[in-house]
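Beneath this line is the structure, given in structure tokens, with notes to follow.
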Amino acid sequence: MAQWENQRKNVDAIESEWKDKLQSLERSHEKALASWHKKYNSAKHTAANYKRYADDKEAHMLREYDRLKSEYNASLTKIEMRMKEALEKRSREMKNTTAGIEKRHELGHDKENRNNC
């Protein structure tokens, strides 16, 4: 009987040891799982932040492109108007100069015709 009692105590001790090891492994597994879950959530949060940053940057770039395009078109329109005004002014000056030359030429012919008569 004493032998059975010693054997039972040994089995109980081994069983207790295995239960402790199992609980230790379960706690270790839970800690590792919690750590990986935390890292996953952190990575997920970082990815969401990066996506939001990229979307904001793209929207900013599109707004900036539209602003530059609008300013370019406005500047181009101003330049075209200035060039048109300068061309019209130059054209008027040329017409006035031409008209003056023609008038002087006609007056010169009239003097010649009067002198010949």
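No other residue among 109, 37, 45, 60 is in a helix (DSSP H, G or I), surrounded by 10 or more Cβ atoms within 10 Å (Cβ to Cβ), modelled with pLDDT under 95 and not small (Gly, Ala, Ser) apart from 109.
Taking the stated definitions as given, is residue 5 exposed (fewer than 10 other Cβ atoms within 10 Å of the Cβ) and among the acidic types (Asp, Glu)? The answer is yes for residue 5.
The values are calculated or read from the model by the stated rules, or taken from the named source; none is laboratory data. No experiment lies behind these values; they were computed from the predicted model shown. Neighbour counts run over all protein chains shown; Cβ positions are idealised from the backbone, glycine included.
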